[in-house]
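Engineer: My questions will all concern the structure given below.
What follows is calculated from the coordinates using simple rules that are stated; it is not laboratory data. The structure displayed is predicted, hence computed values, not measured ones. Please note: Cβ atoms are built from the backbone with ideal geometry, for glycine as well, and neighbour counts cover all protein chains shown.
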Amino acid sequence: MSGKMKQNIFHFILWFIVAVVLVIVFSTEGTIAQWGDNRTKTVLVASLFLFGFSGDAILRIIFSKKRVPTDERDKYIQNKALAVGYVITLIYIFILAISIYTKYENNGMVPVAWIWFIAYSLVIIANLSVSAASVYQYWKSDLNG
Amino acid sequence: MDEKLVIKNKLKYFRRVCSDLTQEELASAAGCTRQTIAALEKGTYNPSLGLALRIARVLGVSVDELFSLAE
C-alpha cells in the first residue's frame, strides 16, 4: 500500500467522522427550526469543521512529499479522483437543492438552517468523494494483475 | 480515435533478465515510485513519454523495444 493511498484512507475516515457528527447534529429535533437561536449547535458545527481542517493539515504534514515520495501516477490518480469528486458533488447539490425545494415549495420559504447544511455538507461531500475515488483508483491499480 | 490505448511492455523481462534490477532500484534510477513500476508491469498504468524514456535509458534499451501498441 502506497503512502498516498494511506493518506487518502485516513482523509476519508476523518471526513466520514465529520459527516456522521454533522448529520447527528442536524437530525436532532429542533435544529432546523431553531438554528439561529441555538448558539451551542452553531459553535459545535464550527468546531467540527475546525477539527476536519486541522486533521487535514496534519495529514498533509505527515504525508508531505519529503516523507512520502510521489510521482506522475499519483498525480494522474489525483486528477482522476478530482474529476469524479466534482461530478459527485454537483449531483449531490442538485439532488439536495431539488429535495429541499420540493419539501418547502408550499411554505414559500426555506429555513436558513438548510442553507448552512448545504454549505457544510458540500465541503464534506467534496472531501469524501475525492478521497474515496482516490482510494478506489489505487485499489483498482493494485488489484489488477 | 476514442478507443482506449492499450500499451504492452516488456519491462519485467528487461528489468529482471537483462538488467537484474529490483523494482525499487529501477524506480529510484528512473525517478518514480516502486508502485508505479509495479503498475507498469501489470499493465494498469501507461507511462508518460518522459517516464518511458527515463526507464528505457536506465535499462539500456530503446522505448520501441520496451513498449508497443497492442494489436
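Engineer: So which of A:Lys66/A:Lys140; A:Lys75/A:Lys103; A:Lys4/A:Lys41; A:Lys65/B:Lys10; A:Lys4/B:Lys12; A:Lys65/B:Lys8 end up more than 32 Å apart by C-alpha?
Structural biologist: In this structure, A:Lys75/A:Lys103; A:Lys4/A:Lys41 lie more than 32 Å apart at Cα.
Engineer: Could you please rank A:Lys80, A:Lys4, placing first whichever residue has the fewest other Cβ atoms within 10 Å of its Cβ?
Structural biologist: Starting with the residue having the fewest Cβ neighbours, the order is A:Lys80, A:Lys4.
Engineer: Calculate, in nm to one decimal, what A:Ser27 and A:Tyr104 gain on full extension: separation in residues at 0.36 nm each, minus their alpha carbon distance.
Structural biologist: Gain on extension, A:Ser27 to A:Tyr104, equals 26.0 nm.
Engineer: Moving on to the next point. Grab the DSSP H runs of the protein assembly as shown that are 4 residues or longer, score each as -39,500 (n - 2.57), total them, divide by all residues and round the 222 nm result to the nearest 500 deg cm²/dmol.
Structural biologist: After summing the helix terms and dividing by residue count, I get -23000 deg cm²/dmol.
Engineer: Follow-up. What's the angle, to the nearest 10 degrees (0 to 90), between helix A:112-143's Cα axis and the longest principal axis of chain A?
Structural biologist: Here the helix axis deviates by roughly 20 degrees.
Engineer: Here is a follow-up. Which of B:Glu41, B:Glu65 comes first, and how do the rest follow, when ranked by fewest Cβ neighbours within 10 Å?
Structural biologist: Listing B:Glu41, B:Glu65 from fewest to most nearby Cβ atoms yields B:Glu65, B:Glu41.
Engineer: Would you mind computing, in nm to one decimal, how far apart the modelled labels at A:Ile95 and A:Ala83 are, each placed 7 Å from Cα along Cα→Cβ?
Structural biologist: 2.2
Engineer: I've got another one for you. Taking Cα pairs under 8 Å and at least six residues apart, what relative contact order does chain B come out at, in percent?
Structural biologist: 43
Engineer: In what sequence do A:Met109, A:Met5 fall when counting other Cβ within 10 Å, fewest first?
Structural biologist: Ordered by Cβ neighbours within 10 Å, fewest first: A:Met109, A:Met5.
Engineer: What FRET efficiency do you get for B:Glu25 and B:Leu5 if R0 is 30 Å and r is their Cβ-Cβ distance, rounded to the nearest 0.05?
Structural biologist: 0.60
Engineer: For helix A:3-27, what angle does its Cα long axis make with the longest principal axis of chain A, in degrees from 0 to 90 and rounded to 10?
Structural biologist: 10
Engineer: Starting at the first residue of segment B:35-50, write each ³J(HN,Hα) from the Karplus equation 6.51 cos²θ - 1.76 cosθ + 1.60 with θ = phi - 60°, in whole Hz, x for Gly and Pro.
Structural biologist: For segment B:35-50, the Karplus curve yields 4, 5, 4, 4, 5, 5, 5, 6, x, 8, 9, 9, x, 6, 4, x Hz.
Engineer: Would you mind pulling out the separation of the Cα centroids of segment A:85-145 and segment A:1-59, in Å?
Structural biologist: Segment A:85-145 and segment A:1-59 have Cα centres spaced 14 Å from each other.
Engineer: Please work out how much length the chain gains when fully extended from A:Ile118 to A:Ile17, using 0.36 nm per residue of separation minus the C-alpha to C-alpha distance, in nm with one decimal.
Structural biologist: Going from the current span to full extension adds 34.6 nm.
Engineer: Determine, at each q value in 0.10, 0.14, 0.17 (inverse angstroms), the log₁₀ of I(q)/I(0) that the Debye formula gives when each Cα of the protein assembly as shown is one equal point scatterer.
Structural biologist: -0.60, -0.90, -1.15
Engineer: Okay, next question. Any idea what the relative contact order of chain A is, in percent, if you count C-alpha pairs under 8 Å spaced at least 6 apart?
Structural biologist: About 43 percent, as a whole number.
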